[in-house]
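The values are calculated or read from the model by the stated rules, or taken from the named source; none is laboratory data. What you see is a predicted model; the values in this text were computed from it and never measured. Note: ideal-geometry Cβ built from the backbone for every residue, glycine included; neighbour counts use all protein chains shown. Accessible surface areas use protein heavy atoms only, side chains included; no ligands, DNA or RNA. Shrake-Rupley method; radii C 1.70, N 1.55, O 1.52, S 1.80 Å.
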Amino acid sequence: MSARRAVVAALLAVVLTGSLSACSGGSVSLTAGPTAAAVPAAGASLSPADFAAATKVAGTVLLDVRTPAEFTQGHLPGAVNLDVESAGFVAGLASLDKTAPYAVYCRSGNRSKVALTAMAQAGFGTAFDLAGGISAWKSAGGEVVTG
């Protein structure tokens, strides 16, 4: 009986450990993990994991459309800041490569939608955003840098 209990306890430990790690979801990364097979469709809103995979597609520009103060407090590594609410946003878009794919994010996903609309109107071919913004990114364990 005690050998049988030991086997059951060992199996239970394996099952529980696997279940707990699956629930935690790990973390998302801009450097590790899978790369998307292709750039997402223009206007797509992606989960943190899918967003991370899509940013790894060659040539993708990571665009933070929050205020400079928000950007300084914490942003995704390698992101470029262009405040969608600033008077110079449209002029800033004019200085960007319209043929590159853009991974756009803000705090919660609202301003990135505004930015995607403006980018489409300005002739950008491919821009997609992070559903839930940097808040969702942080909740998924994604890296944020300051400065």
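Taking the stretch 85-147 as the region of interest, the helices (runs of 4 or more DSSP H) fully inside it that hold 2 or more residues being farther than 17 Å from Glu70 by Cβ and open to solvent by 40 Å² or more (accessible area, probe 1.4 Å) are 89-94, 110-121. Consider Ala69 carefully, then state whether it is surrounded by 15 or more Cβ atoms within 10 Å (Cβ to Cβ), of a type in the set (A, V, I, L, M, F, W, C) and assigned to a helix (DSSP H, G or I). No.
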